[in-house]
1. Provide the FRET efficiency to the nearest 0.05 for the Y297-H180 pair, computing r from the beta carbons and using R0 = 41 Å.
2. Which of rounded, prolate or oblate describes region 1-106 when judged by the alpha-carbon gyration tensor and an a/c cut-off of 1.5?
3. Calculate one ³J(HN,Hα) per residue across region 288-298 by plugging θ = phi - 60° into the Karplus curve 6.51 cos²θ - 1.76 cosθ + 1.60, and present them in order as whole Hz with x for glycine and proline.
4. Take L325 and I256, extend 7 Å from each Cα along the Cα→Cβ direction, and tell me the distance between the two endpoints in nm.
5. Rounded to the nearest 10 degrees, what's the angle between the helix 140-152 long axis and the longest principal axis of the chain, both from Cα atoms, 0 to 90?
6. Please name which of Y297, S328, I273 has its Cα lying farthest along the dipole of region 264-352 towards the positive end, using unit charges on Cβ (Lys, Arg +1; Asp, Glu -1) and the Cα centre as origin.
7. What FRET efficiency comes out for T66 versus F114 if R0 is 30 angstrom and r is the Cβ-Cβ distance? Round to the nearest 0.05.
8. Which shape class, rounded, prolate or oblate, goes with region 160-231 when its Cα gyration tensor gives a ≥ b ≥ c as root eigenvalues, a/c under 1.5 marks rounded, and past that a/b bigger than b/c marks prolate?
Amino acid sequence: MNFESILLPGVDAQRPLVIAGPCSAETEIQVMTTAKALASKGIKIYRTGIWKPRTKPGGFEGVGATGLAWLKQVKKETGMYVSTEVATAKHVFEALKYGVDILWIGARTTANPFAVQEIAEALQGVDIPVLIKNPVNPDLELWIGAVERIYNAGIRRIAVIHRGFSSYEKKIYRNLPQWHIPIELRRRIPELPIICDPSHIGGKRELIASLSQQAMDLNFDGLIIESHCNPSEAWSDKDQQVTPEVLDYILNLLVIRETNQTTEPLGELRRQIDEIDNQLLELLAKRMRISREIGQYKKEHNMTIYQAKRYDEILSNRMSYAEELDMSGDFMKSVLEAIHEESIRQQIKVMNKK
Ligand code: PEP
Ligand code: MN
């Protein structure tokens, strides 16, 4: 594939390319106040959702085309470029009519090839940068498929947005980063720019700085970050938005390393370790939850918490399995003992609950 640069005139070619703005356009005042504050911090590209895909009906589904006029005003008053999410052909036509500069395809849409194809057809003969978020499910082929559909419509200014992947289990991140997926995408299509969306990965503003740094350490090209003039009052995604001042602070803290730095493989391995540790934590939490359910069952059936036979079985078969996997049986024994101790503590709590 032959891509062209997504950089628009006047936008700094230095990493990272930054796109910022509220999750949703709510009111003209909120859109303008946020835009002016971001422009004063040097942000060149504004983002906001006009049509909001929501998991369940009844929530705020976006202001619709009314908000497009506000975006036009943002361009006029701040000189920023504006971008929004499109999910249907109609969205594409409306956004283009109002002079939106960059379009993005949301994670739920990328997961649906019919929808992506419809958008691709609406974009035939149009020359505009298009950013394609990863699908909600961790499927690299589906993500690449969406890039190909948009490319086949004649769009050459394409980038992807890594926003993490859904999972059912309770977790630290709102959407698991699964960094190996965008890394594999970079290996497969090296010339395709990758922008990280730490807001939707983290789901909490406290995680944005470290996720952004990770993205920079992995040599991603840009960041798209949700920023709202009054985050705690936001109509959508309020836990993950930051004020323009905090955004500026986060961006100033970023360390942008040389792309060919020799410690990069080490950083990558450490990130894999971090990811695995998070998975271990989440698995342990899941195991404890099941343990509590067992505690509840034992309570209802008047059984004792500690059942020696079951524990011995667990110990001996896990120890021999550990040895098959090149770990010492004794090591596994100490891990299991620690887990078992915590399990018993949690079951006792369940038993003592009135
Ligand atoms: C968004 O960017 O506001 C959004 C809805 O994101 P995603 O498609 O990643 O869920
Ligand atoms: Mn959002």
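1. 0.60
2. Taking the square roots of the gyration eigenvalues as a ≥ b ≥ c, region 1-106 is oblate.
3. 5, 4, 5, 4, 5, 5, 5, x, 4, 4, 4
4. Distance between label points: 4.2 nm.
5. Helix 140-152 sits at roughly 10 degrees to that axis.
6. Y297
7. Here the calculated transfer efficiency is 0.65.
8. oblate
Every read-out reported here was derived from the displayed coordinates using simple, explicitly stated rules and does not represent laboratory data. Since this is a predicted model, take the numbers as computed values, not measurements. Cβ sites come from the backbone with ideal geometry, for glycine too, and all protein chains shown count toward neighbours.
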